[in-house]
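Chemist: One structure follows; several queries about it will come next.
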Amino acid sequence: MFSVVNDKIPQIVFALSASLGAFVIGTVLGWSSPTLTMFEKGTAVSFEVSAMAAATACSLFGVGAVIGAVPAGAVSSVFGRRVSLIVSEAHVVFGWLMIAFPKAARMLYVGRILQGVGCGAMCTIIPMYVGEIAEPEIRGFLGGLYQLFVVSGILYSYVLGNFLNYNQLNLACGVWMVIHILGVLYIPESPYFLIQENKRVGAEEAMARLRDPSHDCKSELDEIQKFIEEEQKNSYTAREVLEKDVNRRALTIGIGCMFFQQMTGINAIIFYMKHVFEISGSDISPEVCTTVVGTIQVAMTFASMMITDKFGRRSLMVYSMTLMGICLLALSYYFFSKKYNPHVAETLDWLPLVAIVFYISMFSIGCGPIPYIIIGEIFSSELKSMGTGMSIATNWILVWLVTCLAEPMDKFIGPSGTFFVYSGFCFMGMLFVVNCVPETKNRSLAMIQSDLEKN
């Protein structure tokens, strides 16, 4: 991998700068776990926040993310990827201000919604930008940066939340917005966007910054221009775009990958991880467990970046979902035994940590990062804005739904039933990938569209 990476330093640097927005998203996601405890103890803010209000504030992030994700692709097609990323971060800035200095619970609600709007938009724009600036042989590696930064941001919030107070944690998380905005000011605009806007000179300048001096930029830009011109020969309405079989198939793949990514229950586990370890009765403290799990998640996501372009997206997704399903079945068995056969459960107090660590590891290798890589590759230029927005919106709707349903499911069917349901979705997701998702490694965006049309 590193021999391939060596002559692609510019696009790696710019992909890193853009993908830092994913670290911001991770800090916002991870913020929920330590602050729920602070709200319960009354150490976070000057007014009382009920358990229901705290849970509502955390879950409203998903609502905002849907609002931000849906129009983000269209907005970035009009104003460009760079400007759209800066506007997205502005929403997160205002959200942090509301959360850092609240006067009532409703300010927490509004702040989380604003954070969600900005993060939802960045979820759409970052994979789009990275997919457009990366060469085929390194696109999987660079696409993996998104999920790596998300899980790194989550771990950052977990660790700092163990010893910082509420205001200190907000400041430590909020500083990454400034770093990302400065990074976005440095990156070039996407050559795809510039050519779509008939700015060939600007595209040549951007490509010169993105590629090694020895690279044949003219030939690559000619290929991009030919690809875009062929798709823009006719002006299509949204209905006409979706009438094409190739576009419907691409949309099914994008939305399907995001649907099954979330229906594995990953965000229920991330949001309520401390609670899971508390009710398991394990001797290991919840704080230690969440830190261990977060560290392993970062390490395995990095490992995924190293192997995605070697083993392919499809294979990693299949193995990932299969093994995740097995881990959730093991958790289901443990909590079933804890309720109906406590003596057996006492001998298995190590199982929750081991199963969750392995589950997170498998998610981080395949089911976590790869859907974001795929949606950066699978859509034609005419479908990209709509398709990416719809896929990310699906993802965030399910983030909100899975998070909101975590407590009712725990109450009505218990942890055992909850983990059993999510294991079923893992196996269904594996079947979806086997039957519907093509392999895209080492394929240019034009070649991927050609493959979809042939099938």
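The values are calculated or read from the model by the stated rules, or taken from the named source; none is laboratory data. The model shown is predicted, which means the values in this text are computed figures rather than measured ones. A quick note on method: Cβ atoms are made from the backbone with ideal geometry, for glycine too, and the neighbour counts reach across all protein chains shown. For the accessible areas, the whole protein counts, side chains as well, though only heavy atoms, and no ligand, DNA or RNA atoms are used. Shrake-Rupley method; radii C 1.70, N 1.55, O 1.52, S 1.80 Å.
Chemist: Given the Cα-Cα distance of Glu346 and Arg249 and 0.36 nm per residue of separation, how much length would full extension add, in nm?
Modeler: Values: separation 97, 0.36 × 97 = 34.92 nm, distance 4.87 nm.
So the extension gain works out to 30.0 nm.
Chemist: Shifting gears a bit: How far, in nm, would the chain grow between Met306 and Lys339 when pulled straight, counting 0.36 nm per residue and subtracting the alpha carbon separation? Intermediate results must be reported in sequence, preceding the final value.
Modeler: Details: separation 33, 0.36 × 33 = 11.88 nm, distance 4.17 nm.
Using 0.36 nm per residue and subtracting the Cα-Cα distance, I get 7.7 nm.
Chemist: Could you compute the net charge surrounding Ala104? Neighbours are other residues with a C-beta less than 15 Å from the C-beta of Ala104; K and R count +1, D and E count -1. Show your work: numbers first, answer last.
Modeler: Numbers: positive: Lys103, Arg106, Arg112; negative: Glu48.
Residues near Ala104 contribute +2 overall.
Chemist: I need the peptides 361-371, 388-398, 82-92, 206-216 ranked by packing, meaning the mean over residues of other C-beta atoms within 10 angstrom, with the highest value on top.
Modeler: Details: 361-371: 26.7, 388-398: 24.6, 82-92: 21.5, 206-216: 15.5.
Descending packing order for the listed peptides: 361-371, 388-398, 82-92, 206-216.
Chemist: Also: Just to be sure I understand the rule: take each whole DSSP H helix in the chain, project its Cα atoms onto its long axis, keep it if the span is 20 Å or more and its mean Kyte-Doolittle hydropathy is at least -0.5. Which ones pass? Before the final figure, lay out the partial values.
Modeler: Values: long enough: 9-30 (30 Å, 1.81); 51-79 (42 Å, 1.70); 81-100 (28 Å, 1.16); 105-133 (42 Å, 1.02); 136-161 (39 Å, 0.98); 166-186 (32 Å, 1.19); 217-231 (21 Å, -1.00); 245-263 (26 Å, 0.33); 286-311 (36 Å, 0.87); 313-340 (40 Å, 0.61); 381-412 (46 Å, 0.52); 414-436 (33 Å, 1.26).
Taking the DSSP H segments of the chain (at least 20 Å long, mean hydropathy at least -0.5), we get 9-30, 51-79, 81-100, 105-133, 136-161, 166-186, 245-263, 286-311, 313-340, 381-412, 414-436.
Chemist: Would you list, by chain and number, the lysines whose Cα falls below 16 Å from the Cα of Lys218, excluding same-chain residues fewer than 8 positions away?
Modeler: Those lysines meeting the cut-off are Lys199, Lys226.
Chemist: Among the aspartates and glutamates, which fall within straight-line cross-link reach of Lys8, defined as a Cα-Cα distance under 18 Å, with same-chain neighbours fewer than 8 residues apart omitted?
Modeler: Filter leaves Glu132, Glu135, Glu137, Glu189, Glu204, Glu205, Asp212, Asp216, Glu220, Asp309.
Chemist: Okay, moving on. Leu182 to Glu40: FRET efficiency via 1/(1 + (r/R0)^6), r the Cβ-Cβ distance, R0 30 Å, to the nearest 0.05? Please list the in-between numbers first.
Modeler: Values: r = 36 Å, r/R0 = 1.21.
Once the sixth-power term is evaluated, E becomes 0.25.
Chemist: Quick one: Debye curve from the alpha-carbon atoms of the stretch 120-237 only, equal weights, vacuum; give me log10 I(q)/I(0) at q = 0.12, 0.15 Å⁻¹ to two decimals.
Modeler: -0.60, -0.82
Chemist: How much area per residue is accessible in the stretch 1-129 when the probe is 1.4 Å and only protein heavy atoms are counted (Å²)?
Modeler: For the stretch 1-129, the solvent-accessible area averages 36 Å² per residue.
Chemist: Grab the Cα-Cα distance for Ser50 and Ala172, subtract it from 0.36 nm times how many residues apart they are, and report the gain in nm with one decimal. Spell out each step's value before the answer.
Modeler: Values: separation 122, 0.36 × 122 = 43.92 nm, distance 2.50 nm.
Taking Ser50 through Ala172 to full extension adds about 41.4 nm, to one decimal.
Chemist: At a temperature of 37 °C and a viscosity of 0.692 mPa s, determine how fast the chain diffuses translationally according to Stokes-Einstein, using the Kirkwood radius over alpha-carbon pairs as Rh; express D in µm²/s, rounded to the nearest whole number. Don't jump to the answer; show the numbers that get you there.
Modeler: Values: Rh = 22.3 Å.
It comes out at roughly 147 µm²/s.
Chemist: Out of the total accessible area of the chain (probe 1.4 Å, heavy atoms of protein only), what percent is carbon and sulfur? Display every interim value, and only then the final one.
Modeler: Working: 11850 of 18090 Å².
Carbon-and-sulfur percentage of accessible area, whole number: 66.
Chemist: How high is the FRET efficiency from Ser219 to Leu97, r the C-beta distance, R0 45 Å, rounded to 0.05?
Modeler: Details: r = 48 Å, r/R0 = 1.06.
After rounding, the FRET efficiency stands at 0.40.
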